[in-house]
Amino acid sequence: MSQQPDSRPQPSGADRVRRRDVVFVVLLGLAVMCVLAMSGELTLVAFVFSGLAFAALGLVYYLTAQGGADAKPAATVPQVMRETGPDSSELMIERLPIPILLVGPGGRIERANPAARSFLGLGAERGLLSTVLRQPRVLEAVSAALRGEKGASVEYSTVAPLESHVRAFVEPIRLDVAGPMPFRAMIVLADDTSSKRAERMRADFLANASHELRTPLASLSGFIETLSGPARDDEEARDRFLGIMQVQTDRMRRLINDLLSLSRVEMNEHVAPTGAVELSSLVREVVESLSPVARDRRITLDIDECANTATVQGDHDQLFEVVENLIGNAIKYSPDGSTICVCVFDDRTRDSAEQARERLTPDSGRITLTSPTLNPDQRYGVVRVRDEGAGIERRYLPRLAERFFRVDGQKSGPKSGTGLGLAIVKHIVNRHRGGFSVESAPGVGTVFSVFFPVPSGTKQPRESEGLQPLETDEA
């Protein structure tokens with residue numbers, strides 16, 4: 001008859017150590033008590049009760065140590081395994097703000113983290129890489145990585161819908177899978193748009209500043225030489241020259257401010273704003289700030305009383321600058337005593353907003369200076385500024401948003417600007433993924449329109465919720 005194996009659990013090494021400690025402590029206590037009893041310092045009753053106390057203390061120690069040791073693996077080991085297990089690397093990649101993709105055989109996207117899905121506009125289903133990233137050099141590097149060849153770094157640029165500069169790092173990854181295609185291609189995308197724009201902005205700023213500042217600096221230098229020489233004692237000439245020098249100094253200050261503003265806008269043009277701006281309130285702020293200028297020339301600023309409120313997605317300060325530029329230009333180039341109409345409305349698509357405008361004249365010129373990506377379901381908030389100025393000839397309209405461009409007849413005199421205002425407007429509108437258009441006719445006036453996307457889910461305004469006209473007091 002075969003002997004059955006003992007099924008009772010065997011004590012572990014840690015359990016044996018605990019037992020040894022308990023026995024050692026109890027024996028040590030008993031030995032001390034025996035010495036005290038033999039010396040007469042400890043009675044028999046005290047000896048018995050002290051021995052029981054030592055035995056109870058040893059038992060409590062043993063049970064406590066055993067319970068703590070038994071509970072620790074059950075409570076902490078699974079948690080550590082969850083934190084450091086194989087899924088932790090995938091969780092880390094999911095949370096990285098850098099676009100990362102894993103491409104499999106045939107160029108099909110097998111995995112993409114949220115940053116990559118947002119950067120490339122991927123939906124829930126992941127298809128072919130070539131449908132979302134149409135860059136031949138990147139696709140060639142991916143094909144080479146799928147064959148197990150050495151990885152590569154590829155730079156590429158896009159100009160639509162906005163200019164961007166990206167560096168793609170492609171590396172092969174060998175997976176422990178059976179089949180003829182064990183390699184996958186990992187792509188890491190780095191957006192270098194900001195650094196590229198910064199380099200170009202520095203070069204453009206130096207070139208533009210040196211070109212535009214050359215004339216006023218030469219004028220100031222000539223007047224200073226004249227005042228320190230032949231006209232030193234001529235009070236009439238000195239007063240006249242100092243007035244001209246003040247005008248040139250003001251022009252340089254405006255020019256530098258506009259150049260800095262343009263550089264800041266272009267730096268972040270590829271990053272869409274995420275704030276919310278109520279256009280009607282914004283227009284009122286601008287009108288109130290420009291009312292003193294209009295009042296001095298008896299110009300009326302009229303906000304359309306039928307305008308509906310429109311909350312758009314944008315940056316408040318930049319949208320304020322857009323409206324301020326448009327209304328400021330209208331005041332500058334309108335005759336004294338005229339009226340400037342500012343209209344704000346929404347609840348229209350881009351096409352219907354354009355078609356809703358009444359033409360100044362049947363043959364007036366109209367052109368779109370910048371336009372967003374076509375989306376028939378996108379609503380826009382629209383701001384229209386109409387003046388009663390001299391108007392602009394059709395041939396000049398396409399160049400209005402160019403840097404330093406000024407229409408003939410506006411390049412000198414008190415109405416002369418820096419030629420950067422409409423360029424700033426165009427770049428701000430581009431950043432907001434909006435549109436910018438102009439219509440004009442000589443002798444009739446000019447209408448500038450800007451429209452900005454309304455966030456989805458925004459509550460529709462009621463037709464009765466309009467703005468009351470705001471007019472400036474006549475001098």
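Things worth noting here:
- Any hit, segment 314-323, residues being in contact with a Ser or Thr (Cβ under 7 Å, 6 or more places away or on another chain), in a helix (DSSP H, G or I) and either in the same structural domain as residue 207 (by TED's automatic domain parsing) or free of Cβ contacts under 8 Å to residues at least 60 places away in the same chain (or both): no
- So residue 393, is it closer than 30 Å to residue 247 by Cα, in the same structural domain as residue 336 (by TED's automatic domain parsing), among the acidic types (Asp, Glu) and modelled with pLDDT of 85 or more: yes
- Residue match in segment 204-222 (condition: touching an Asp or Glu at 6+ places or on another chain (Cβ under 9 Å) and part of a helix (DSSP H, G or I)): yes
- Subset of segment 158-167 [in a strand (DSSP E or B) and without any contact (Cβ under 8 Å) to a residue 12 or more places away in the chain]: 158
Table: residues versus (1) of a type in the set (S, T, N, Q); (2) crowded, with 16+ Cβ neighbours inside 10 Å.
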| position | (1), (2) |
| --- | --- |
| 280 | yes, yes |
| 289 | yes, no |
| 298 | no, no |
| 321 | no, yes |
| 325 | yes, yes |
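- Filter pass, residue 231 being surrounded by 12 or more Cβ atoms within 10 Å (Cβ to Cβ) and modelled with pLDDT of 85 or more: no
- Subset of segment 337-368 that is touching a Gly at 6+ places or on another chain (Cβ under 7 Å) and modelled with pLDDT of 70 or more - its residue that is nearest to residue 456 (Cα to Cα): 346
- Index of the failed condition, residue 184 passing every other in (1) of a type in the set (Lys, Arg); (2) at pLDDT below 85; (3) closer than 14 Å to residue 110 by Cβ: (2)
- If the condition is being outside any helix (DSSP H, G or I) and on the phi < 0 side of the Ramachandran plot, then segment 134-149 contributes 134, 135, 147, 149.
- Residue that is acidic (Asp, Glu), modelled with pLDDT under 85, assigned by TED's automatic domain parsing to the domain that holds residue 104 and closer than 30 Å to residue 129 by Cβ, where the choices are 149, 163: 163
- Residue in segment 235-258 that is surrounded by 15 or more Cβ atoms within 10 Å (Cβ to Cβ), acidic (Asp, Glu), outside the structural domain of residue 99 (by TED's automatic domain parsing) and closer than 23 Å to residue 272 by Cα present: yes
- Meets criteria (assigned to a helix (DSSP H, G or I), under 20 Å from residue 453 (Cα atoms), touching a Phe, Trp or Tyr at 6+ places or on another chain (Cβ under 9 Å) and in contact (Cβ under 8 Å) with a residue 24 or more places away in the chain) for residue 282: yes
The values are calculated or read from the model by the stated rules, or taken from the named source; none is laboratory data. Keep in mind that this is a model prediction, so the values were computed, not measured. Cβ sites come from the backbone with ideal geometry, for glycine too, and all protein chains shown count toward neighbours.
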